Amino acid sequence: MGSTTLPVIIQGGMGAAVSGWRLAREVSLAGQLGVVSGTALDVVLSRRLQLGDPGGNMRRALAEFPYPEMTKRILDRYYIAGGKDPAAPFRPTSMPAVELGDEQTALIVAGNFVEVFLAGEGHDGLVGINYLEKIQPPTLASLYGALLAGVDFVLMGAGIPRWIPGALDRLSRGEAAELPIHVEDAGTEDATYSRFDPEKFGGGPPPALKRPKFLAIVASVTLASMLARKASGRVDGFVVEGPTAGGHNAPPRGAMTLNDIGEPVYGERDVVDLAQMRALGLPFWLAGSYGSPEGLAAALSAGAAGIQVGTAFAFCEESGLRDDIKRQVLEMSRAGTARVFTDPVASPTGFPFKVLQLEGTQSADEVYACRERICDLGFLRQAYRREDGSLGWRCPGEPEDAFLRKGGIAEELAGRKCVCNALLANVGMAQVRHDGIAELPLVTCGNDVSQISRFARSEAADSYSARDVIEHLLSCHTVSPDVLADDSAVPANAG
């Protein structure tokens, strides 16, 4: 890792573990920016170890983790030779909180280190990691794990990541960092912070680490401009994401209105003015239905450095999605039946969330009408103040009585899904409940899913690779990417 070349293609960081180390490594080897998802990597590491760590990749990476005593404790607690009984539940991990315990912190740092280390192993291509601003408590420990592994880029969306650049500055220097935690209905005088001290974590003087470049994922020039001027440290560029991209979308500007099938309606106010983006003087990449040679050409012509592509990579051979899901979705794309619903209420975050409508299965609403409500991963919980002033946590995906008892509003319960458990089910790590039933998947992707069959090498092929995607996207591309000469250089437009 460590090239200074700006990529033309950024592979989207899709969680949880869809954009795993195998996918990111393959994209990096092909000369583009491979990105791992930073979502729930403590849980991902623990469950991979409980599945027996096929191939030994987790243990090989942990052998390089610079804190061997922590590695030993993690292996002693979670590794099961040969894998757990398929009918047995996974051993739980602690839910995120403002003050993390020592063992939880070690697992978070190690999980992020492992993913980035494996993505960058044996080559000098670019490796990035993607986080959600909405998931705040584990962020600092997560960043430190990625920095220990030499990550080149940090990307963050689903919120306003104003404080992340400064945290990267401090952590790279081995200094303690803090991050404000959003607490519902709390005033500015009632600030709550998560903190991470590299020296305390490691029990001695920490190493100086490379400061990765930071790309903010934005949906408006207003947000991009504010971050460029007022972030706590240097912002190195932007990913400009439109409402057809997968995962969480920014809500429409103005009042929320729905179309005739219940999806949010986006209008002219939600279209980003690319001339204004260019005027900021920082490189940017366009995301959301740009995953084609024509989309790349249009982005470059508009002055972008390139494109971010998620959906095309989500269903390739190297992605973490279950193989049966990938085959089914490729068949749906060929048949013209692949459809995505932008659900305005599914995610506990309150952000619109893209949900793929899988054929031959119950709808997400039908599944969740039968599912026992439980919140045992807690990444999308919201902090709030109890009457006694202490900090509490609630999630509209948890049992209704518990949510209401904690001061939640009944209207927020309707249509909510347990995104945390569903995303882990997508990648073959579904929790098994007391009744023996495993959590079911809830697949998210962008509108471009209807076009993924274009990447298959033949009509008979039941899969395609990350290299197939890159070769197709670059089939008409002849412009070399720009190079950042130093940290302060602003590259010319790639187009």
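The values are calculated or read from the model by the stated rules, or taken from the named source; none is laboratory data. Predicted model only: the values in this text are computed from it and were never measured. All Cβ positions, glycine included, derive from the backbone under ideal geometry; neighbour counts span all protein chains shown.
Taking first residues from the range 418-447 that are under 15 Å from residue 14 (Cβ atoms) and modelled with pLDDT of 90 or more and partners that are acidic (Asp, Glu) and in a loop (DSSP other than H, G, I, E, B), the Cβ contacts under 7 Å between residues at least 6 apart in sequence or on separate chains come to 422/439; 425/439.
So, of the residues in the range 318-331 that are in contact with a Lys or Arg (Cβ under 8 Å, 6 or more places away or on another chain) and of a type outside the set (S, T, N, Q), which turns out to be farthest from residue 416 (Cα to Cα)? Going through the qualifying residues, I end up with 318. Within the range 113-162, the residues that satisfy the criterion of being in a strand (DSSP E or B) and not β-branched (Val, Ile, Thr) are 128, 130, 131, 132, 153, 155, 156, 157. Of all the listed residues (186, 245), the sole one being surrounded by 23 or more Cβ atoms within 10 Å (Cβ to Cβ), touching a residue at least 60 places away in the same chain (Cβ under 8 Å) and either small (Gly, Ala, Ser) or more than 21 Å from residue 284 (Cα to Cα) (or both) is 245.
When the range 347-371 is limited to residues that are assigned to a loop (DSSP other than H, G, I, E, B) and at pLDDT 85 or above, the one that is nearest to residue 265 (Cα to Cα) turns out to be 352. If you check 266, 290 for being within 22 Å of residue 9 (Cα to Cα) and surrounded by 18 or more Cβ atoms within 10 Å (Cβ to Cβ), only one passes: 290.
Would you be able to tell me the number of residues in the range 448-477 that are closer than 22 Å to residue 8 by Cβ, in contact (Cβ under 8 Å) with a residue 12 or more places away in the chain and not β-branched (Val, Ile, Thr)? The total comes to 15.
Within the range 58-112, track down each residue that is in a loop (DSSP other than H, G, I, E, B), within 23 Å of residue 131 (Cβ to Cβ) and of a type in the set (Val, Ile, Thr). Across the range 58-112, the qualifying residues are 93, 98. Within the range 18-30, residues that are in contact (Cβ under 8 Å) with a residue 40 or more places away in the chain reach partners that are crowded, with 24+ Cβ neighbours inside 10 Å and of a type in the set (Phe, Trp, Tyr) with beta carbons closer than 9 Å, at six or more positions or on different chains, in the pairs 18/313; 19/313; 21/117; 23/313; 27/313.
I'd like to know if the range 220-235 contains one or more residues that are in contact with a Phe, Trp or Tyr (Cβ under 6 Å, 6 or more places away or on another chain), more than 21 Å from residue 169 (Cβ to Cβ) and outside any strand (DSSP E or B). No, the range 220-235 has no match at all.
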